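**Student:** Handing you this structure, nothing more for now.
The values are calculated or read from the model by the stated rules, or taken from the named source; none is laboratory data. All values derive from a computational prediction rather than experimental measurement. In this analysis, Cβ positions are derived from the backbone assuming ideal geometry, glycine residues included, and neighbour counts consider all displayed protein chains. Please note that ligands, DNA and RNA were not included when accessible areas were found on the heavy atoms of the full protein model with its side chains. Shrake-Rupley method; radii C 1.70, N 1.55, O 1.52, S 1.80 Å.
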Amino acid sequence: MDDAAIRTKDLTYEYAPGVGAVGLDLVVPVGAVYGFLGPNGAGKSTAIRMLTSLVRPQRGSASVLGVDPWQDAPALHERIGVLAADQPAPRHHTGHSLLALLARMRRRDDVVERGRGFAERLQLDLSKRAHELSLGNRQKLGLVAALSHRPELVILDEPTNGLDPLLQREIGTLLRELAAEGRTVLLSSHSLHDVEAVADHIGFIRNAVLVEQLPLASLAQRAVRRVRFRFATEVGAGDFAIVDNVESISIADDGEVSVRYRGAVADLLRRAGELDAQTIEAHPVELEETFLALYRGDDS
Amino acid sequence: MFPLTLDLLRSRRAMLLGICAALLLTSIGYLALYPSFDEQLQGLAEDLPDAYKAFIGDVDIATPEGYIRSQVYSLLAPLLIAGATIAAGSGLARAERDKSLAVLTMTPVSRSKIAASWLLFIVIVAGVGGLMAFIGVLIGGPIAGAEVGVARVLLATAPLIVFGALIGSATLLTSALSGAPSMATGVGWMTILLSFLANSLANLIDNLGWLSNISPWSWHGAGEAITTDFGLTGFLLLIIATAGAGVGAVIAFSRRNLHL
């Protein structure tokens with residue numbers, strides 16, 4: 001059995017040159033929370049449309065839970081839950097009537113009960129009609145609809161749009177619980193902040209191409225780190241020239257030396273010891289900066 | 001019964017009730033008026049220009065039966081029923097445009113079943129509209145002094161229902177092909193307009209008479225079973241065309257990329 005919930009090869013749908021998704025080789029491990037990141041318009045939603053059988057790929061193949069999304073959509077939709085970007089519920093439906101309809105369409109009575117549970121947790125009033133709901137509440141209703149049948153794989157396109165920080169956190173907790181139950185989550189977002197607290201893998205798409213795909217821990221390894229030293233004697237930037245992976249050095253008027261570097265810290269600490277370092281202050285990984293570098297297209 | 005069809009009926013019940021009331025009340029109302037001006041109509045019928053006679057379906061409005069055909073089956077009922085089925089058929093594209101279809105397409109119900117549910121909804125809308133016209137004529141016919149039996153009214157109404165279903169299916173086909181509600185609505189109304197013009201006016205122009213043979217408006221026969229025979233050929237053509245448009249819609253919707 002494939003250990004990937006989603007595996008694509010050269011998956012392509014291009015609306016225009018460089019617009020859409022081109023040559024995607026996605027691998028989303030079973031049980032992972034996969035953060036699918038990229039700027040707006042990078043191709044995330046196009047990729048999701050191919051994975052959920054809305055759009056037929058022009059080239060390449062996709063296997064989602066072992067099913068070809070285009071060839072056998074009903075079998076796939078039995079097992080996945082999807083929240084599309086900006087997905088409103090049918091206007092005339094209340095939350096209750098939508099859950100009842102989904103229960104009939106899925107032929108599963110437990111959908112209603114489970115949906116009510118999620119709604120309570122997300123503080124969503126199911127008695128209101130969809131067109132009376134705020135953007136955030138419509139988003140919640142979409143989430144309830146996507147999760148109420150206990151899907152093996154959940155695909156969420158920008159799920160925290162319009163939600164306040166408390167609810168964003170609640171959704172993060174919900175997604176971690178799903179992962180703990182062995183379910184797989186593909187979480188698309190343009191914001192690292194949305195995914196870094198919950199994801200264990202990330203893929204980064206830019207200009208329709210997947211430019212990075214790796215465990216989040218590996219990204220942290222490659223991230224820029226900042227360490228501050230104070231030395232017994234005056235040191236200059238040239239004293240660190242022999243250390244690999246140093247990105248930049250700045251020396252404050254009070255003598256504090258701030259070093260930004262990537263990779264293993266051993267060489268840097270060794271050199272600092274040679275220079276008679278008196279204090280050391282390490283800062284958290286600057287994942288955001290690595291992410292912004294990907295955003296900007298600075299692959300170095 | 002498809003759950004989605006039931007949901008469509010439930011959610012569009014206000015539209016359905018409106019169409020039912022309009023068909024029933026206007027049918028009865030028009031027919032109830034007949035005794036008050038039947039003598040004027042008899043004089044008028046002889047002087048009407050050919051173009052106007054063609055416009056009202058080439059029926060003899062001097063008789064109560066002809067009056068029923070001209071007032072109910074020639075324009076009023078086909079337009080009201082087709083208007084309702086056009087609204088129903090364009091609903092698929094509207095649901096795609098406003099993305100509310102997304103939540104339904106992510107269920108284990110295939111896209112072809114979703115389109116088929118919409119087709120069934122259209123047929124039911126046409127059927128309910130036809131039923132109201134049927135009841136309206138049964139009630140209003142005797143008031144107008146017409147001697148029409150239930151069987152004749154039924155035979156006159158059946159093609160009307162299929163005509164409404166055909167216009168709705170053509171609209172659904174456009175919805176399924178394009179996902180554009182305005183285009184689907186436009187195609188529905190253009191189908192009505194062109195088929196009406198082809199039926200009513202083409203016969204007045206040399207060498208264009210053949211157009212009326214390919215017009216769905218002529219196939220439904222404007223209630224001809226009330227005064228003459230049931231047009232079986234036209235009825236069968238309507239069924240075939242409706243089935244063709246419906247199957248086309250189901251196939252198109254299941255194969256097209258959706259804008260959701």
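**Student:** Here is the link list: A:Lys9/A:Lys44; A:Lys140/B:Lys113; A:Lys44/A:Lys140; A:Lys128/B:Lys99. Which ones come out longer than 24 Å on Cα distance?
**Tutor:** A:Lys140/B:Lys113
**Student:** Okay, next question. Roughly what angle does helix A:287-296 make with the longest principal axis of chain A, taking Cα atoms, 0 to 90 degrees, to the nearest 10?
**Tutor:** For A:287-296 against chain A, the angle is about 80 degrees.
**Student:** Still on this structure: Which loop GluC sites (Glu not before Pro) in the stretch A:214-278, with loop taken from DSSP, have no more than 11 other Cβ atoms within 10 angstrom of their Cβ?
**Tutor:** Here the GluC sites (Glu not before Pro) that fit, given the DSSP loop and packing criteria, are A:Glu234.
**Student:** From the Cα gyration tensor of the stretch B:39-159, with a ≥ b ≥ c the square roots of its eigenvalues, which class applies: rounded if a/c is under 1.5, or else prolate if a/b is larger than b/c, or else oblate?
**Tutor:** It is prolate, given that a/c is not under 1.5 and a/b is the larger ratio.
**Student:** Using a 7 Å offset from the Cα along the Cα-to-Cβ direction at both A:Asp276 and A:Val19, what is the distance between the two label points in nm, to one decimal?
**Tutor:** 6.4 nm
**Student:** In whole angstrom, and with the biggest value first, how far do the Cα coordinates of the protein assembly as shown range along each principal axis?
**Tutor:** Principal extents (largest minus smallest coordinate, Cα): 121, 51, 49 Å.
**Student:** Something else now. Find the centroid of the Cα atoms in the stretch A:185-207 and in the stretch A:160-181, then give the distance between the two in whole Å.
**Tutor:** 13 Å
**Student:** I need the shape label for the stretch A:100-203. Rule: rounded when a/c is under 1.5, else prolate if a/b > b/c, else oblate, with a, b, c from the alpha carbon gyration tensor.
**Tutor:** Oblate, because a/c is 1.5 or more while a/b does not exceed b/c.
**Student:** Once neighbouring chains are kept in place and the probe is 1.4 Å, which whole percent of the accessible area of the stretch B:62-184 is contributed by carbon and sulfur?
**Tutor:** Exposed carbon and sulfur together represent 72 percent of the surface.
**Student:** Moving on to the next point. Amide H neighbours of A:Lys128 under 5 Å, counting only residues 5+ apart in sequence or on other chains, H built in-plane at 1.01 Å?
**Tutor:** Here A:Gly95 satisfy the definition.
**Student:** Right, next: Based on alpha-carbon centroids, what's the gap between the stretch A:235-255 and the stretch A:115-132 in Å, whole number please?
**Tutor:** Between the Cα centres of the stretch A:235-255 and the stretch A:115-132 lies a distance of 56 Å.
**Student:** Given the DSSP H assignment, sum -39500 (n - 2.57) over each helix run of at least 4 residues in the protein assembly as shown and divide by its residue total; what's the result at 222 nm in deg cm²/dmol, nearest 500?
**Tutor:** Rounded to the nearest 500, the figure is -17000 deg cm²/dmol.
**Student:** Please work out the Cα center distance from the stretch B:171-203 to the stretch A:23-72, rounded to the nearest Å.
**Tutor:** So the two Cα centres are separated by 38 Å.
**Student:** Given a 1.4 angstrom probe, what's the average accessible area per residue across the protein assembly as shown, in square angstrom?
**Tutor:** That works out to 43 Å² for each residue.
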